[in-house]
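The values are calculated or read from the model by the stated rules, or taken from the named source; none is laboratory data. Since the model is a prediction, treat every value here as computed from it, not as a measurement. Methodologically, a virtual Cβ is constructed for each residue, glycine included, from the backbone with ideal geometry; neighbour enumeration extends over all protein chains shown.
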Amino acid sequence: MVASSTDRALQAFRRLLADAPSGPQAKVDALVALSQRTVFVATWTEDGEDYRTLVNSNGQNALPLFTDEHELQTAAERFGWLDESGRVPHREVGARSALRHALSRGIGFVVVDIMADYSLEAGQAEIKPLVSARHRSDSSGPFAGVGRISSSMMQAVRVTPSGGIPRPMTPEDGMKPPGTPARGASPPAEVPRQAPPPPAPDATFGGSQSGTLAFVPLAAPPQDLLLDALEDVLREYPEVEWAAFCSASRGPAAPLPTIGVMVDSAFRQRIGEIARGLQAAGNATGASLDVVFLDTPELMREARANGKIFFPWRR
C-alpha cells in the first residue's frame, strides 16, 4: 500500500525530531516544524482545555504533546489516563496554541512523543520565540514562511535528549482538575547511603578511552530502584545535562553496566565527585557500575542508541 501524503509528512517530521540532538540548528528546525503542525494533548475532560501535565524526578513540570493518536494512547496507558472505556480524553490543537498554553501557565517544558525513541524536550526559553515573533518576508531556508526567529532560538536552544519517565500531575501538585483524576506514582523509596568508594580510574571522560570503549545493547532494563538512586545523585549536580544507563566494554573486557553522563563543557570540575556518587549509589542497591563521561558526538550517539536515557526524563 502506498503511504499517504499525511503519513509521509508525519514520518519526515519525526525524522526531524530524531535529528534534533545532533546540534542547535537541527533542534531549531524541529521546533519550527513543530510550530506549523497540529498536535494531540491529553485532557482531564472530554475535549476540554484542562490539559494534563507531568512532573519529573526534579519536580519540574512538562506539557506532553503527541504527533498522532497512537503515541497519545501509548502514553495514556503508561500514565493511567484511560477512562473506564479504555479511552483517553483529548483534543487536537495547533502546536502554537499548545506552546502558548505552556508559557502562560508557567509550565517548564514541552515534550513531544515522550514514549518514543525520537522524543524531543524544549524549555520555555526555546519555545517563546516561536509564539512571540512576527512573520517576516526576508527569511531563507526550508522554513522561510515562519520568519526570522532562528537567531533568537539559536541563542536559547539547549541540545539535550529526553530521559526519565515523569509521573502524572495530581491535585497534590497544586492542580485543580474537575472530577477525580488518576493519582500519580508514589515517591521513590529511600535508598540507604554509604560512604563513596575511592576514585576509580575507569570513571573518566569517554574520549580518553575512545580507542577501547564500546557500547552494546542492554541485555535487560535496569531496575527502577537503581535508577531512582542514581537520579538522587544527579539532581545534586546542575551541570549534568543528561545521563543514560548503558552496557559498555573497555578493550577485551566483558561489557559492564555503565552510566553515560553528559556534563556541560564549561562546568567539569566535579566529574570525579559525580562518578564516585553514582558508583556509591549503585553499590547501595547491589549494582557495580562503571561511569563514562560522554565528551564526543560519537559517544553520545552510541549511548543514546544502545542505552536507556533516564535523566532528567525517564522513558
Any chance you could count how many residues in segment 236-248 are under 15 Å from the mean Cα position of the chain (by Cα) and surrounded by fewer than 16 Cβ atoms within 10 Å (Cβ to Cβ)?
-> 0
Selection from segment 249-270 of residues surrounded by fewer than 22 Cβ atoms within 10 Å (Cβ to Cβ), within 16 Å of the chain's Cα centre (by Cα) and at pLDDT 90 or above yields none
Got a number for residues in segment 238-248 being at pLDDT below 90 and either closer than 23 Å to A284 by Cα or assigned to a loop (DSSP other than H, G, I, E, B) (or both)?
-> 4
Within the bounds of segment 110-118, is there any residue that is under 18 Å from V55 (Cβ atoms), out of contact with any helix residue (DSSP H, G or I) (no Cβ under 8 Å at 6 or more places or on another chain), at pLDDT 90 or above and not polar (S, T, N, Q)?
-> yes
Residue count, segment 51-62 (criterion: assigned to a loop (DSSP other than H, G, I, E, B) and either modelled with pLDDT under 90 or not assigned by TED's automatic domain parsing to the domain that holds V93 (or both)) | 5
Being more than 10 Å from T258 (Cβ to Cβ), in contact with a strand residue (DSSP E or B) (Cβ under 9 Å, 6 or more places away or on another chain) and assigned to a loop (DSSP other than H, G, I, E, B) is the filter here, so list the residues in segment 274-295 that pass it.
-> A287, S288, L294, D295
Return yes when E77 is out of contact with any strand residue (DSSP E or B) (no Cβ under 8 Å at 6 or more places or on another chain) and either in contact (Cβ under 8 Å) with a residue 60 or more places away in the chain or under 26 Å from W242 (Cβ atoms) (or both) and no when it is not.
-> yes
